[in-house]
Structure formats: C-alpha cells, structure tokens
Amino acid sequence: MSHHLFLLSPSDTPLYELTHFSSRPVQNVSSPLASNLPSWSTSAFAGTLTALSGASSANQQYNPQGGSARIGGGKDRHVIQMVANASLDVIEDVMRKENLMYLKSVDKFNEWTVSAFVTPGNMKFVLLHEARNDEGIKSFFMDVWELYVKTMLNPFHTAHTPIRSAIFDARVRASAKKYL
Amino acid sequence: MDPLDFGSLAHIRILLLPVGPIKRSDFEKWAYEIRSFENIRLGDIPADAREERARFMPGPLASGHIHLSFSYHSLPPSHALLSLFRPSDFPLGVIGIASCSESHAMSSIQSQFSTLVKNTFQEGSAYPLARNCFVFEEGENDANLGTHAGLVVIPGMMGNKKLYVGTLLAELCSNILAEFATVIQALESPLGNEYLNAALFPVLPPASDMPKPIDNDIPMRSSLPPLPHQSSQPELGTPVSLLRSKIPTPLITKRNSSIGPGPPTSPYRQASLPVQSSKKKLATIGAVSSHGRLFKMLGDFFLLAGRTMDASVWYNEAIAMLKGSQDNIWHASALEGLAIIPILDAWSAEKTDIVDGEKEPWSDTGTKLSQAIDLYYRATPPSDTESGYAFVSWFYSRAVLRYTTLLYAIWSAKGWGQLAFATLLNTGLGVFPPTLTNGAPSSQNAKRSSYGAFERLTVATGITRGLIADVLAQVHGPWLLHLGPNERISILEHTAAIYGILGYQRKEAYILREVLGCILDMIVCSRDETGGSRIAGAGLGIQGVDMGGTSQGSVGIRANDSTEGNDSILKLVKYICQVHGVDLEAIKFGSASGRPASLPSQGIDGDLDVPQEPFGWPELQIGIVREAIAVAEALPDYPSVAQFSLSALKTLHLVMSQGDQHHLFNTASKALSTAKRRGDSRYIEYWSGQPVVSIEILPLPLVRLPLEKPMSLLSREDDNVPPVLVGMTDPFLYNPRRLTAGQGVMLLVQKEAFDVVITLRNPFVFDLELSSLSLSTTGVAIETKPLALIVPANSFHPVTITALPLESGQLTIRGCVVQAPGGASKEFLLPLATPDEEARQERRHSTMACENGRSKYFGLEARPWERPNHRTSVYTQKADIKFLQCKIVSEQPLLRIRRTSLTHGAVMLYNGEKSSIRITLENVSALPVDFLHLTFDDSTVAPAQQALTEGELSVFETYETEYDLIHRPLFVWDKKKSRQLAGPGEKVVLTVGCFGKLDCTSGTIHISYAYCHRSQNHLETPPEVFHTRQLSYPVLVTVYHMLECHGLDILPYTPDMIRYAGDDNKAGHTQTSLQVENIEDWCIFSVEVRNTYGIPFEVTFEADHRTSSATALVPPGSTTRVLLPLRRFRLSEEQITQPIPTLSDRQFVVAKSNLSSQEELVQRELFWYREELLDRIRGSWKETGGMRHGDLSLRQQRLTLPMLDVLQSEDIRVQLSVHSYSGDENPAAVGSSNASSFFPPLDEFVYLHAEVVNLSSKQFTLVLDMSISPSEHVLYEGVLSGIPIGRIEGRSSRKYEIPLTFVACGRFDVTATAYIPGQKNSAGHGQITVFVE
C-alpha cells in the first residue's frame, strides 16, 4: 500500500514530494469491472488513456510482487501527480467552507482517496492513500506541519522555495513510518 | 437526445433518415421541423382498435406524454444484444425525409427508403417497430402525387405543416405502441421467456423458433394464443382493457398517501400474489425462469409509452423478483427505470408540490440510482462474452452519469422545479445552466462562474459541488477501457462537461486529456500508416509507455488529410495546458500576408526580467506540453507544433531540463521547416523573450570624432585665457553643468560608418539562431545590413552592426528588430537608462518583488495571466521613454599626419633648449579644411594643474606654478605665421616650437581642424555651431638636466671694491668689467652655475636689456660664479603693496596663510622685486662647438631681505663733497679722484658740502648728523650733529655747508647720516674719505 504526499505551494507548485510504502495490507475492494481489461490499441495515446484511467495500476494489483516496484515511477507517478493536482479543485472548494485544516478524505479518484491539510499560509499538504486511516493521517499531517513551520523559520525560505532539506525529508519519512 | 441523458429511458427514439435526392439544407429544415416535437400528449395518440395491440395504448383521457428523441444515427450492430435489455437506446421508429416534386419519383423513393431501412438495421433485429416516410412536396404545383403505401406526402401548399407533422408523429407513436404489445406477446410465451432468461443480454427469439400457434390461420404476430389466458398480468385471464380500467384505481389512491410507488404495498401485494401462482404455473408448464426480466421489460415499455403508473407497478414487481435471483444488472436497470418515473410525473404535472418537509423530493430517486450504481458495480459479467464487460461498464457509467445529472440539474436549477425537469428530460447538458450565466449570453468570459454563484446554488439546493463531483468520480476507473471508443468518448465528454460547469477545471482537464487520448488514438489507428508508430516516437507526456514496434523505413504515400476538426482538438489541448498554467499561445501566429509587418512595439513592458514566482506543477506541465506537441504532430499541424514548442520553451524554460529544451527546440525548428515546405502560410512571431540587453554606439576613433564648437569661437581670435589653464577658467569650484556637458549627445558623421554594439542574451541551453538582426531607428536614414547570427547557449553575446548614416540630422536608435528562422520579425525597444527610466523600472521591479512570495491569490487565480486582472492599483503615469540618440553632422574633412621631422616621435632636449618640430598634414577627404588650431599637452601640465586645483599651495607657489604653465610651455605654435587652408588632397606643414622643460617626459600635439565656412543656401539660418576634428600626435620628450644655478646673491659696491676692481680683470675671466660710474646706483649680481652634464657650456647673463652682460664657460662638473653689475632700482610703493597676482582667472581662494600684515608686506615686496630682477636678468647657454642653445632659468633662486636691501635703491641719499671756494663763487671739488675720495690741502679752509637728496616722491623732514674722524684734527664751524635740514619735497634736495679745515695730514673718514626725527633708523647715508697731505 502506498502513500503519496505532496506539499503544494499556493501557486500549485510542489515543494516536496514523498512516496511512502506502508506494510499494512490493502483491503482490495475493486469492482469486477476493473478486471479483465482489454488492450485495445497500441498507440501511445491509448497508453495515456490507460494510465490516466487507472487501468495500469489496477492491473498491477493482480500481480503484486512485480507491480509494487513500479509504483511511484514512470507513468504512474505522472498519473498520481495528475490526481493530486486535480483534487485541488475539491480542496479549494471545501477549504473555503470548512473551518478545518485537516480535510479528511476530501476527494476520491480512481483507486485513490485524497486527504489534505491546509495551513494558514495556504500551503496544501495533499496525501493520496488507498485505505482509511483518519487518525493516523491526521497525526502525520500535524507532524509534517510542524516540520514545515520549522523549515519556514528560515528567513531565506519563501512560500515558493522547494524544500530540499535532508533533515526535513528524514523526519517526514520517520513520521510516515510511524503513522501510515 | 443523447443516450447519456437522464430521461433517455423514457424517450422513444426516432431515427431521421434522408431519402432520395434531397438537399442538405432541406433535410435539415424538415428535420428541425420534426425535432421540434419533443413530446406528444397521450391524448393525441390515435388508439388502435385491435385489442391485442391496445395493451400499451393510452387510455382515452389519460394525462401524460410520450417523450420523443430524434437521432440521425442508428446504434452500431454490436449493440444489438441490448435490444431487450434497454429498448430505449434503439430507434423504435424511422422517419424518412424525402423531397419530391414529381409523381413518378415516388416509387423510387419508396424503394430507396425500404432498402435504406434494410441496410441500416440488421437482419433479424427487433427494431424499428414502425416506419414512415415523409415526402415534402416541392414547388407550388398541386399535382396529385397519389398515395403510396408507406409514404406520406406533405403538399407544399399546405399551410400548417407543423400540425400535420405532429399528427403524423402521433400516428407513428401509435404504431410503435402497438408493436410493443407484439414484442411483449412474443416474450410472454414460455419459450420467449426462456430466451429472455437465456443470457445476460438476451435477444428476441427469431420467428422460426416461436411455437406455432394452435390455429394456424391466425398470423403469428398478431395473436399469440396462449398469452391472453396465461399472461403474466396480475389478473389472470382478464382482458387487457379490463386491466387498464382496473389497475389505475388502486394506484391513484395509493399515490395520495405517498409519493412514488415505492415497494409494493398491501393492495398491490395482494394483486401480485396471483403472479406468484402464475409463476408456479409457468414453471409447471416447463419454463423454469422467473418472470422478473419480463416484468422489467413491461415496465420499460410502459415507461416509453408514457404510462408511468403502469410502469412503476411493473418495475416494482420486477425488482421484487430480481432481488432474489441475483440478476444484478436487470435489477439495476429496473431501479433506474423506476427512479426516473417521479421526474416524469413531476414534469407532466407542471407544478412543484414539495409536501414533504424533511425529505428532499429527489432523495428517493437518488437512492434508487445509487442502488443501481452499486448493483452495476458489483455485477460480474459473464466472462464468455467479450462484450459483456463493455455493456456492463457502459450501463454502470450511464447510471453514474444519470445520478450525477440528477444532482447537477437540481443544483443548477436552484432546486426541484420546472427548470430542473427541463434539464433532465429535454435539454440535457448541452445548455449551460442559465442560473450561472447571470443573465448574460453565455460567452467565453461568462463560462467560468464565480465562487459566489456556485455557492448560491449550493445554498438554495443543499447539494454541494463536492457531492456532485463525488458521485461523478465513480464513473472514472479502469472499466472505461472496456468501452468502445464512441461510448468512451461520450462518457468522458459528459464527465468533463459536468466538471467544467462545476468549476472544477483541473478535473475537467484531467478528463479532457483522456478524451484527447481516445480521439487521437482513433485518428492515429485509423490511418493507413503502418500502425501509427510514426507518432509513437514523438514523445508523450507519460514516460515509460510502450511505444510498440518501430516501423521500418518505407516510402510513405500521403493522402490529403482532412483538417476538419483539428482546430477543436487543438483548442482542447490549449485549454488543458491553460488549466495547468501553460499558455500555449504565448507566441502568436504572425500574419502571412504582411510578412515584414513587425509587430507593434511592446518590447518595453512586455517582457519582464523580474523572476516571477512559478505557477503550477513543473513535472506535469512538461508532461502535458509534450503530450500537446505529440497531439499536434499526430494531427499533423506543424505550425501548431512549433507554436506549442516555442511557447512552452518561453514559459517553462526555467524548470525544464536541458534535454527537454533541446528536444523542444529541435522539434520546433523541424516543424517550422516542414510547415514551410508544405506551404503553410502562417508564421510564428518571435518567441524568445527580450533578447536585447543593451545597445551602445561604439565611439568613433579619435581622429574621426567630431567635436562641436560654437561659431562664436571663430571670431574670438585672441584668447586671453591660456589654453593650458582652460580647465580652470570656470569661475565655480563645483560646477554641476560641467558634468552634464560631458555627456552630450553622441556625434556621428554623415557618410561615415559607425558601429553599434548590441548585447544579446540567450537564456536557453541551446544555441539560439537568429535569421536577422537589424537596428530599429527613427530619424535620418541609415544604411545597414541585417545580420544573421547564432547566440551561444546560456550566454550574453555582443554583436557589432555597422551602419552608415545617409543624411545629417537626429538619429534615434529605438531598439532592434529580431527575427527567428521561419518566424515573423519583432521589434524590441530598449529605452535609455535615464534616471527617470530607471526609476520607472525600479518601481515596476519593486511592485513585482513586493508581490513575490506573497500568495494573495491561490490556485488557478494565481496563474500568470490572471494576476494583472487582480491588481487594481496600476501605475499609470506614462513616462516618456527616451531612446539612444545621436546627432549626425554633415560631412567632415579628414586630415592625416603625413610625416614629421621627428624620428620615432621622440625629441631630446637640454633643459631650457628651444627647438622646433615640423609636421606635415595631408587632407585625405574631398572637403577643404579652412580652420586649423593647435593645442598642446605635456606630462607636466596635469600634475601642475592638479596641484593648483587642490589649492594647497601658497600664493607664491601658486604664482610660480602658473607662471611655469603659461610662460614656459613645452610646445608653442604661432597661429599667425602658418597657413590654415588645405584643399582636398593638399598638404600643410606646421612648425611647432619646442622648449626643453625639466621633468617633462611626453607631450601631445592636438591639431583641431574643421571646414567651417561652408557654402549654404541664403535662406537657411547659419549654423550656430561647427564641428572640428582632432588629430593627436604624441611626442616622447627627453630633457637633460645639465646646468643648474644656485647661490644667487646681490652685493653692494663699496668704494674699496672700485679701487680693486681693476685688479680683477687680470684673473682671466671673460666677464665684463665691473667698473661702474657711480657706485651708489649699482650693485653686483652674482650667481653660481654648475655643469652637471658631460660637455662644457657657455653661459651668458645679460642685465638691463643687454647694457651689461657676463659670459662664462662652465666646464663639465665644475661650478663657475658669474658676476654682473646691476643697476639698482626702486619700485614704487603702489607696486610693491599689490598682492601677488594669480595668472589665471581662478576664483579667489581665501589665503590660508596666517602671516601678519607686516610679514605679508615684506613678502610682497620681496616678490615684486624678484619679479623685477628676473625680468632684468636673462640667462642663456650655448653648447660649445654646437648649435644648440637655450635659456637658463633663475626662477629656482630666492631673494633674501639683505639682498633686497642692496638691490633696492635708497630713498634719501646724502652726497658729501669737499669744496673750496676760489675767487669766483663757484665751489670746486678739491682733488677728488672720484666721487668718494677727496684730497683737500692741509690747513686751508674748505667747505664740507652735504646734499640731502630725496629720491622718493614723498616729502621728508630730516635731521642730519655728521661725523669726522679723527675729529680732533679738524676744525669746523657750528655743530656736526642734529643739523636740521627741514622738509624736503619729493625729488628735490637740500644743501648744507660746513666750513672746516684739516689741521693734520692723514686720512679722514667723513660720514653723514640723515634721519627722520623720532626714528632710530637712519633714512639716508653718505660717506667719503678725505686724504690730507
């Protein structure tokens, strides 16, 4: 089971990305319709469609030993980014109404559930996950927020500076390991 | 109506077909006429008398409608399997539209129509159930066309055609309804039921399989014998008419209690009980299958027939049966049918009655639909049929869309009302909801509604956008791949449309990418180009996609592509990119016709250097851009490929990898060349930002540089101010104008080429090729050649452009016109960096910098092109922009130095030597030179000027320095003596005097020349200025220091010296005699001259204008003292009290010296006497045995006070003499050899004669003291001391005589001192020696 975390600046630019593989099992509740998919064209555009519709990852779920290595790279990575980006629509909609920072399971797309965390500075932490784990994700987000705030204490760090700190990365990973 | 629309289940689809020769416009006109009937009231349907066909006919006074939808296409044959599952998808009726004017064509129309219908529909397909062909008569002739079976002729002269068409449609519907009964009859038979239950998607049993009716004479279709008796109607055996009359009654009572049929309640349950028994009966007969599917079909048909009450009864029945049998798909379909019934009812009722307060009226429908969605989702299609997955996915997606449409329609219509029903049943998604357009016509701007508008709808309905999106998101999944391309595209299109209306642009873009993928896949695969692998290599946004095999090279045959629709695809691409913050139209297409039409100058503010904060997700942006380019390549649309590539380069190059940049650039250039080859007339405008960083005019070389001088300079012939001190003639210590004067406009010369250095910048990682770079100028015409060049990657690159001004006047260089290969040219303006301009830039930069790092707007509102819309405070003051300007002056002559008398430009001089240099100038231009002026500079000038400007020197030193600068220049030139004209090609020789000045190492001769007296038209005002050019000739100067003077002294003559003076002559000195007549008037000037050089020099000093001179030979290394008699002099009081002058007109600097006034007086006295002395004494030297000669300067020497006393002749002189009076009263000096010694006789009376002479112009009152020693040997009368002389006027004398006698032989010294009473110092002095023998 994988998690994908994106820290997005107010201008939708990712400042930090993390892919985390959790050891917890996935409860697979996919539709029988998602199986037995035809490969109906060899053109590259068909590949785009296959990837975007989530078909390629659906296929992977059926051969987990070979598939998990590919998650987070290649076309899936692109699709995951697309999903995260598209979920901003809903996040922006919800965050104007809700008074909360943690927007749990704010969007669902393909097999992904999107949870988000909006900081007062309008940074958006977007997490793509497959299983429900509200409390864990909330704790994780709070951790990331704290780490982010500490990073922002750096006077040379603006809201648009990518976060390249190794310490930040290590701590986020540790937190992900703990909660996700 | 689209099959995806909400109400499609209740629509009878009618296919409109053009028959025979009919013009497109005619067909469209008639089709439009027919399409305007969207529904027909049940009461208008003509009833069919036959009983077995009347099953689905409306009751006589039934209220309700049959909804119609029209299409031009039939379903693909693969969908034939669905004919029983979803009859509403199929065209149930066919209307042929023909137009005809002559009767004999009728038969052909009829045959054409029947073949058309046969071809359109598969053999053995159940539909269409009814057909008709409308023949619209053309023209006015009312020829009776006759009646043909299956054809309806609508005469052209008929007035109200619409009414007639409506009637015909109602008739057609009636036929269809009648046929419903036939179909159901076939299925009601046990065999039919078996067929119905045989597969997931059953088909109608072929007629041959149907059991023959018992009585053979009855046609099969019209009557199925067992059915009326053992039909599945609740009341077994009751005729249909009875059923119709009976069933509605209990239902109506039920409806009063609750809306919607819901699960069958008690009366119906009771009614359905017999059904169970009949089922058992069926089972006993041999049919093992349940009747659930049959009941569902009945529901479908009733729904189509507009009899919603019947439909809901049958649906409920079906659901009850299907629930048990795990027939998920049929179950879901029945739920769907049931779900839309309330909407139909509400639509027909035409009034909204929301009775239930706590429950939304649509919640029931929603629940049913979500149940259906869930059922579809969990359905497992049989794996044996390939199309099973496709159909289930298709129905699943449609169910999701149906639910979404429901929510959306209610949301967009502000609640449960007519508008929502109309959206659901009639208009569908094709129309933008009027509630979001704010009454304005839905233009492109109004398309994106504000957040407030969305929220208003949400508040009014309680349906959030999130809810709609959430439901809609279910449609998206891997199962989309099961669908056929057409279905997939329409599903995705709908999804995108809803997302778009909801304002979820990113999701819309996501889906649109898939739409594009589908469309392009179809485009590519349908091409006959070896499987489209050519495109596969073009690079996609998503990496790692298998590209398939690469094609072998082969000769491609290109058919003319149809470009129809390409624009729409490109529009989609652009929209997707825009959502992601990439403006693919950042670079526009230039016009094709006006090729050199350089675009309006926007270079000033257009491109910002301020690093704007990036928007968007760089990885996604690049991926999407690559995909966009791949799409454009696949179409193919090469100019668009180039446009996209270059736009992406321009906007994204900061985040792009090097490889991507190279790739995009190469793609663009390839595409451009391809487009050009194929004759595409579009041009890409220049794309690469502002390439010009700076423009400078390279200054002309000094010999060519014209200098502007006022005309008045010519008339002012004699300069009072020496040119050396030119820098100091400014009366101000700090003159701000001097600074600006230096930065005057640059001068260029007509018809002489000048160079402009343009610095270009290439921010990209590849070499940027520019096919043309030229100057953009206004003002006078220039001649210049455009330059093609390559700017190296990631660098600043200076380029020199040579231009030739053709006229004189003002030239403004505005910027550059740049053209990239294959693109249009564009002008970039570069304003001059004036303080104003810089301030403006600074303001803009600070505005940007202020906004950077602050995110006032987020998300899509933060896209770069949205920002200016938000900013309300705009700096509007239009600063006038200044450009680089230069003045082109008219043609100028040109001189060059042909030759000089110097070798290697070096001159060797002795200190103080005078020499001359000859310079030959040649006029190499076609214009004459009529003005020539020389100025000089040397290495001593600058330090001296520096010292003077610093002002640290004392007054005396200042004077010395200035004197040195003015009176002892290195070079001199007599302007008057030399010729100043040089015609074209002529030569002029200049002679420049040269003076050896110590410490000088180099000098420069500047020759300014001009052609100032030009002929001109009389009407023109004469120019106020003329232009000179300057030639400079540097001279290396070596000055040898060989003679130095020191030890200047001024000695008085004493009487003794005269005596011995004669002896000095024998010393062998060549100096003149020191003999003077009157020693009182003379003094001796003495100076030591030392020769530090290797050869002897002859030194001559002259005094008092050559009245006396002394010459001495100074051998090398030795020192010689030179003595010279000098007449004493006295300067007037006024002269010596003058302050020490400054030679320049410098502003007076307050003396810093803190001398007392007395000291100052002394200093001035010394100064003036020294000046006078140096003026009188001239030193010169001559090389012995050589020609060289020069001056010897005494200016290093100082005058001391004792020297001054000697030099200065006294005010009052006492002249003593000894007289004797002989007989005649005339006194005679006794025995005087000269004026200072007398030889009076012993013991004789003589007279001591003292004459007090006042040499000055003042008057003095004097007392005289005399003394004679030894006084005891002298007898005299009166007193010797304190003799009052009285007042003596200036320039007069007073005499006084004392008679005396010397009483002893020997020598007597007589002195006389005149003094002013009360003053200690003597005023005058006299002395004689008397020898008495």
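Here are the numbers for this structure:
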{"read-out": "Top-ranked residue of the range B:612-621 - restricted to ones that are part of a helix (DSSP H, G or I) and in contact (Cβ under 8 Å) with a residue 40 or more places away in the chain, ranked as nearest to the other protein chains (Cβ to nearest Cβ)", "value": "B:LEU620"}
{"read-out": "Filter result for the condition that a residue is buried (at least 18 other Cβ atoms within 10 Å of the Cβ), under 30 Å from B:THR380 (Cβ atoms) and at pLDDT below 70, over A:ALA51, A:ALA46, A:ALA34, A:ALA58", "value": "A:ALA58"}
{"read-out": "Residue satisfying all of: in the range B:470-486; open to solvent by 20 Å² or more (accessible area, probe 1.4 Å) and at pLDDT 85 or above; nearest to the chain's Cα centre (by Cα) among these", "value": "B:ASP470"}
{"read-out": "Whichever residue in the range B:367-383 is at pLDDT 80 or above and hydroxyl-bearing (Ser, Thr, Tyr) and, among such residues, is nearest to B:TRP330 (Cα to Cα)", "value": "B:TYR376"}
{"read-out": "Residues that are surrounded by fewer than 16 Cβ atoms within 10 Å (Cβ to Cβ) and in a loop (DSSP other than H, G, I, E, B), drawn from the range B:682-703", "value": "B:LEU698, B:PRO699, B:PRO701, B:LEU702, B:VAL703"}
{"read-out": "So A:THR151, is it farther than 30 Å from A:ASN110 by Cβ and touching a His at 6+ places or on another chain (Cβ under 8 Å)", "value": "yes"}
{"read-out": "Test result for B:TYR1053, modelled with pLDDT of 70 or more and either open to solvent by less than 20 Å² (accessible area, probe 1.4 Å) or farther than 30 Å from B:VAL1253 by Cα (or both)", "value": "no"}
{"read-out": "Selection within the range B:760-779 - part of a strand (DSSP E or B) and open to solvent by less than 30 Å² (accessible area, probe 1.4 Å)", "value": "B:LEU760, B:ASN762, B:LEU768, B:LEU770, B:SER772, B:LEU773, B:SER774, B:LEU775, B:SER776"}
{"read-out": "Residue that is surrounded by the fewest Cβ atoms within 10 Å (Cβ to Cβ), among those in the range B:890-919 that are of a type in the set (Val, Ile, Thr) and modelled with pLDDT of 85 or more", "value": "B:ILE897"}
{"read-out": "Of residues in the range B:505-518 being facing chain A (nearest Cβ under 8 Å) and farther than 16 Å from B:ILE468 by Cα, the one surrounded by the fewest Cβ atoms within 10 Å (Cβ to Cβ)", "value": "B:LEU516"}
{"read-out": "Set B:THR949, B:THR961, B:THR940: member being without any contact (Cβ under 8 Å) to a residue 24 or more places away in the chain and farther than 30 Å from B:HIS1013 by Cβ", "value": "B:THR961"}
{"read-out": "Residues of the range A:107-122 classified as over 12 Å from the mean Cα position of the chain (by Cα) and within 9 Å of chain B (Cβ to nearest Cβ), total", "value": "3"}
{"read-out": "Residue in the range B:1305-1314 that is within 29 Å of B:PRO1052 (Cα to Cα), open to solvent by 30 Å² or more (accessible area, probe 1.4 Å) and at pLDDT below 85 present", "value": "no"}
{"read-out": "Which listed residue, of B:GLU1333, B:GLU1289, is open to solvent by 70 Å² or more (accessible area, probe 1.4 Å), of a type in the set (Asp, Glu) and within 20 Å of B:PHE1238 (Cβ to Cβ)", "value": "B:GLU1333"}
{"read-out": "The range A:148-180, subset of a type in the set (Phe, Trp, Tyr) and part of a helix (DSSP H, G or I), residue most open to solvent (accessible area, probe 1.4 Å)", "value": "A:TYR179"}
{"read-out": "Matching residues in the range B:625-661 - criterion: being in contact with a helix residue (DSSP H, G or I) (Cβ under 6 Å, 6 or more places away or on another chain), facing chain A (nearest Cβ under 10 Å) and under 23 Å from A:LEU49 (Cβ atoms)", "value": "B:VAL631, B:ALA634"}
{"read-out": "Every pair of residues 6+ apart whose Cβ atoms lie under 9 Å, when the first sits in the range B:123-140 and is farther than 16 Å from B:LEU151 by Cβ and assigned by TED's automatic domain parsing to the domain that holds B:ILE14 while the second is modelled with pLDDT under 80 and among the charged types (D, E, K, R)", "value": "none"}
{"read-out": "Residue tally, condition part of a loop (DSSP other than H, G, I, E, B), in contact (Cβ under 8 Å) with a residue 40 or more places away in the chain and touching a Ser or Thr at 6+ places or on another chain (Cβ under 9 Å), over the range B:1290-1333", "value": "2"}
{"read-out": "Candidate set from the range B:454-469 (those that are more than 8 Å from chain A (Cβ to nearest Cβ) and aliphatic (A, V, I, L, M)); member that is most open to solvent (accessible area, probe 1.4 Å)", "value": "B:VAL459"}
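The values are calculated or read from the model by the stated rules, or taken from the named source; none is laboratory data. Model, not experiment: these values are computed from the prediction. Methodologically, a virtual Cβ is constructed for each residue, glycine included, from the backbone with ideal geometry; neighbour enumeration extends over all protein chains shown. SASA here: full protein model, heavy atoms, side chains in, ligands and nucleic acids out. Shrake-Rupley method; radii C 1.70, N 1.55, O 1.52, S 1.80 Å.
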